[in-house]
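What follows is one structure encoded as structure tokens, with my remarks underneath.
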Amino acid sequence: MKIQLKKELRGQFEEINVPKGVTIEGIYREVKDELTYTILAARVNNKIERLDHHINKECRVELLDMRTQEANLIYQNSLCLIYLKAIDDVLGNVEVDIENSLNKGLYTEIKSQTPVTAKDVRKIQRRMREIVSEDMPFIREKLTKEEAEKIFIETGCPEKVELLCENQYLRKIPFYSLGGYRDFFYGLMVPSAGYIQHFELMKYRRGVLLRFPHPSKPDVIPEFVDEKMLYKTFGEQSRWGKLMGIDYVSDLNKKIEEGKFKELIQLSEALHEHRIVEIADMIKKQKKRIILIAGPSSSGKTTFAQRLCIQLRVNGLQPLYMGTDDYFVEREDTPVDEFGEKNYEDLDAVDIHLFNQNINDLLAGKEVDMPTFNFLTGHKEFGKRLTSIKSGQPIVIEGIHALNEELTRELPHDEKFKIYISPLTQLNIDSHNRVVTTDHRMLRRMVRDYKYRGHSAQSTIASWPKVRAGEDKNIFPYSNEADVLFNSVHLYEICVLKKYAKPLLEAITPEEPEYSDAVRMLNFLRFFKTVDDDSAIVNNSILREFIGGSVFVD
């Protein structure tokens with residue numbers, strides 16, 4: 001039987017002969033020596049399949065390693081199950097929360113009767129290594145709701161019982177077993193523990209960090225960087241959730257079912273406004289004049305910057321708002337990426353000297369001929385924006401490189417105030433199944449791309465890996481440079497985004513390469529109730545930047 005096989009991430013399909021009924025794992029073994037990294041799953045006719053999937057007809061098979069989002073999540077799911085199994089073996093039946101991404105890994109909390117020590121963490125890691133060394137198999141089974149609920153009641157997981165009871169789409173519940181330990185995971189796993197070779201545990205503050213490779217280097221544990229501000233922000237988000245009575249998705253769904261959606265909006269917007277007021281007060285008190293705002297795609301930077309400018313005016317200041325896009329170098333001078341395409345996201349694409357010269361002249365009270373970049377011709381145009389500011393007037397600057405000291409290297413350091421913005425959700429499906437922040441942001445972008453730019457969901461998904469690569473290089477490494485972090489998430493927003501995103505995702509057909517991502521996102525959205533009437537969301541809300549109706553976005 002002939003199949004089309006793609007071995008590497010950017011390789012070509014080639015025709016090979018395989019016996020009917022062969023598993024993907026069997027194909028992988030035959031070509032393993034030719035591959036750079038460990039294969040964790042496959043895309044078969046644009047659908048993600050486990051390695052134990054049998055091939056019974058001609059098809060196209062793409063082998064996936066950790067450099068893809070799908071395989072990266074499979075690695076994380078599998079590692080989490082090994083971690084939970086090891087905790088169960090070492091500490092017994094204790095409650096464990098897998099909470100959020102942090103410090104190049106996952107932040108978790110083990111809620112045992114006595115605080116977990118560094119010695120306990122070493123024992124758990126040693127047991128994890130043993131499980132991997134034994135190549136313990138992952139056994140997948142689908143249970144009825146009644147069977148699943150019985151297990152959750154026995155193991156003391158009330159949030160999972162609620163999740164199952166209210167979800168009409170979950171008729172068969174996917175469970176995985178590892179050495180007798182069973183748990184619900186809605187994502188896929190590898191066939192056995194031997195596939196998960198690279199990880200480390202660290203005792204960190206009140207919890208434990210479960211660290212693993214970054215997709216850019218699938219066989220290397222990244223250097224530890226203590227993201228103190230992110231830790232503080234996630235903790236704050238958790239407190240906000242408790243204030244609204246929401247710990248898990250089931251709590252959110254229940255609030256919506258009870259007709260408390262407007263109350264959620266009011267509380268969430270009040271929390272955002274409170275934080276913006278705090279930041280504006282800090283800027284005035286510290287007499288900062290260069291306000292730099294950066295964050296990953298779909299963070300809500302535009303709305304946040306405009307709302308901050310309004311609050312600065314309330315504080316008696318008259319901020320000048322500007323972006324960095326007008327300071328691109330001339331089109332012919334734009335750097336190219338590894339594929340020979342124009343790269344507008346690298347710092348070298350910005351005319352840094354002109355940018356710094358203009359800002360310094362403005363701060364000195366001079367009139368400045370600020371450029372306007374013509375994206376059709378690829379050149380800066382002058383004479384349209386003659387600008388000056390008064391003494392003490394701040395400049396609010398928004399751009400992807402705003403936190404990178406190289407962008408503002410000629411500006412006075414003591415005048416700078418740096419703000420990092422990102423939607424950092426602490427809301428998870430249950431204690432062991434996370435809401436992935438990058439998926440949350442992709443939903444925002446998908447809805448906005450369709451509404452404002454006429455792009456399909458397929459187009460957004462296709463461009464996302466390149467967007468993420470740019471963020472990994474130009475944004476995330478500088479988040480620790482910020483003076484403050486603004487969390488732009490609204491706990492209720494996926495329930496709103498679902499109404500807009502679901503039909504866009506459903507329009508992607510099985511013939512398209514983005515189909516597997518669409519299926520994964522649709523499966524994820526099944527856990528959230530849909531909010532059909534979002535008219536109560538105010539017109540200056542960050543969410544309006546994506547769903548429409550924003551007073552700040554045309």
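The values are calculated or read from the model by the stated rules, or taken from the named source; none is laboratory data. Please read these numbers as outputs of a predicted model, since none were measured by experiment. Positions of Cβ are generated from backbone atoms using ideal geometry, with glycine treated the same way; all protein chains shown enter the neighbour counts. Accessible surface areas use protein heavy atoms only, side chains included; no ligands, DNA or RNA. Shrake-Rupley method; radii C 1.70, N 1.55, O 1.52, S 1.80 Å.
Some points to look at:
- Positive end of the dipole of segment 84-157 (Cβ unit charges, origin at the Cα centre): among S133, I153, I87, the Cα lying farthest that way belongs to S133.
- Coupling constants for segment 69-78 follow from the phi torsions by the Karplus curve (6.51 cos²θ - 1.76 cosθ + 1.60, θ = phi - 60°), and in residue order they are 4, 4, 6, 4, 5, 5, 4, 5, 4, 5 Hz; glycine and proline get x.
- Computed magnitude of the charge dipole of segment 258-400 (debye, nearest 20; Cβ of K, R +1, Cβ of D, E -1): 1100
- Accessible area (Å², per residue) of segment 314-361, counting only protein heavy atoms and a probe of 1.4 Å: 50
- Over 26 Å between alpha carbons, listed pairs K145/K498; K104/K255; K104/K466; K301/K380; K217/K466; K160/K466: K104/K255; K160/K466
- In segment 286-390, taking the dipole from charged Cβ atoms about the Cα centre, the farthest positive-side position among L363, N315, T387 is held by N315.
- Cα gyration tensor shape of segment 399-554, rounded if a/c is under 1.5, else prolate or oblate by comparing a/b with b/c: prolate
- Heavy atoms of the protein chains alone define the surface here; on that basis segment 134-292 has 49 Å² accessible area per residue at 1.4 Å probe size.
- Local net charge near C59, Cβ-Cβ under 13 Å (Lys/Arg +1, Asp/Glu -1): +2
- Spatially proximal lysines relative to K123 (Cα-Cα < 18 Å; intrachain offsets below 8 disregarded): K85, K111, K203
- According to the Cα-based calculation, Rg over Rh for segment 1-109 is 1.09, with Rh computed by the Kirkwood formula.
- Bridging of K416 to aspartates and glutamates at a Cα separation below 14 Å is possible for E398, E405, E406, E481, D483, once same-chain residues fewer than 8 apart are set aside.
- Using Cβ point charges alone (K and R +1, D and E -1), the dipole size of the chain about the Cα centre works out to roughly 1040 debye.
- Note on segment 433-554: dipole from Cβ charges, positive end direction compared against L485, Y452, V436; the farthest Cα belongs to V436.
- Amide hydrogen neighbours beyond the local backbone of K6, cut-off 5 Å, H modeled: E14, V61, E62, L63
- Assigned charges on the beta-carbon of Lys, Arg, Asp, Glu; segment 413-554 dipole about Cα centre (debye): 160
- Taking the C-alpha atoms only, the angle from helix 145-154 to the longest principal axis of the chain is near 80 degrees.
- Correct option for volume of the Cα convex hull per residue in Å³ [calculated from the coordinates] among (1) 162; (2) 150; (3) 208: (1)
- Y344 accessible area, assembled protein chains, probe 1.4 Å, Å²: 90
- Listed values for segment 324-331 are Karplus-derived 3J(HN,Hα) couplings in whole Hz (6.51 cos²θ - 1.76 cosθ + 1.60, θ = phi - 60°), namely 9, 5, 6, 10, 4, 5, 4, 3, and x replaces Gly and Pro.
- Near the amide H of V350, within less than 5 Å, lie the amide hydrogens of V329, all on another chain or at least 5 residues away, with H placed in the peptide plane.
- K287-D325 FRET efficiency (beta carbon distance; Förster radius 30 Å; 0.05 resolution): 0.60
- The helix-only estimate of mean residue ellipticity at 222 nm for the chain, built from DSSP H runs of length n ≥ 4 each weighted as -39500 (n - 2.57), is -12000 deg cm²/dmol after division by the residue total.
- Heavy-atom surface of segment 1-113, accessible at 1.4 Å and reported per residue (Å²): 44
- Helix axis angle, 493-506 relative to the chain longest principal axis, alpha carbon, degrees: 70
- Accessible surface of the chain, 1.4 Å probe, proportion on carbon and sulfur as whole %: 48
- Reachable aspartates and glutamates from K390, criterion Cα separation under 19 angstrom, eight or more residues apart if same chain: D361, E367, D369, D414, E415
- Ranking E70, E263 by solvent-accessible area of protein heavy atoms (1.4 Å probe, all protein chains present), from largest to smallest, gives E263, E70.
- For the residue pairs K232/K254; K119/K254; K47/K119, the alpha carbons lie more than 32 Å apart in K119/K254; K47/K119.
- Residues whose amide H comes within less than 5 Å of that of N428, counting only those at least five positions distant or on another chain, are V249 (H built at 1.01 Å from N in the peptide plane).
- As a calculated quantity, the FRET efficiency between E236 and K20 at R0 = 51 Å, using C-beta atoms, amounts to about 0.35.
- Of the listed residues T155, T233, the order by accessible area with a 1.4 Å probe, largest first, is T155, T233.
- The mean sequence separation of alpha-carbon pairs under 8 Å and at least six residues apart, normalised by the residue count of the chain, gives a relative contact order of 14 percent.
- Placing L504, L243, L362 in order of accessible area, with the largest value first and a 1.4 Å probe, yields L243, L504, L362.
- For the chain, the antiparallel share of DSSP beta bridges with both residues in that region comes to about 70%.
- Between segment 100-127 and segment 345-399, the C-alpha centres lie 48 angstrom from each other.
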